[in-house]
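Data block below; observations after.
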Amino acid sequence: MRRWRAFLWTAALCALAVFACAGLLRLAALREREDAATIEVLSSETDGEDAAPQPSVLVYHTHTWEAYEMTDDAQYAPTETWRTMDENYNMIRVGEALCDALREEGFAVVHDKTAFEPPNLSSAYTRSLAMLEERMARGERYDYILDVHRDAYSGPYNGANGVTLEGGEQAAYVMLLVGKGTGSTGSGFDARQA
């Protein structure tokens, strides 16, 4: 249950980051329920009838089958370590939680659930880029494009995958890589930040 709650919190934090980047929030709060993390908007810069249209968002997952560590109460059929085709436990579920939070705030959201990992994980980015290019060629336009991942160390790259909160509860780290949608990835990221 803890890992399940951790990825729901991750989705809620991602949504909060989108709201902040969109300049739509002055103040927001994360609220915890029994089964989910939610975002409560306390103040919005777009209150009123003359507000601009809400931004459009495309959510997808280059590594669709990424999953969290199994627990006794959250079992899935793995495709390999910490990966599954089961959409109840892979990034599709995290993406749905994020999309739900965005839609509740009035965002126009498209969730592309294509599995880009098969037939070869190492070329998943090539296939997800092709999907983006096809959407743009059809005339689709989005204010924000989010490739949502589960990030973790495994195998020889062991490291901390989370943090211990007050009271001893474990939570997942959240990492946001924000770009302009141009250029390439790889070494030299720091030099391109400006």
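The values are calculated or read from the model by the stated rules, or taken from the named source; none is laboratory data. Model, not experiment: these values are computed from the prediction. Because the Cβ atoms are built from the backbone with ideal geometry, glycine has one as well, and the counts that use them run over all protein chains shown.
Pairs are defined by a Cβ separation below 6 Å, a sequence spacing of at least 6 or placement on different chains, a first member in region 78-103 that is at positive phi, and a second member that is part of a helix (DSSP H, G or I) and hydrophobic (A, V, I, L, M, F, W, C); no pair meets this definition. Could you tell me which residue of region 53-82 is modelled with the highest pLDDT, considering only residues that are assigned to a strand (DSSP E or B) and of a type in the set (Asp, Glu)? For region 53-82, the residue satisfying everything is Glu66.
Scan region 83-113 for residues that are in a loop (DSSP other than H, G, I, E, B), surrounded by fewer than 17 Cβ atoms within 10 Å (Cβ to Cβ) and over 14 Å from the mean Cα position of the chain (by Cα) and the total you get is 4.
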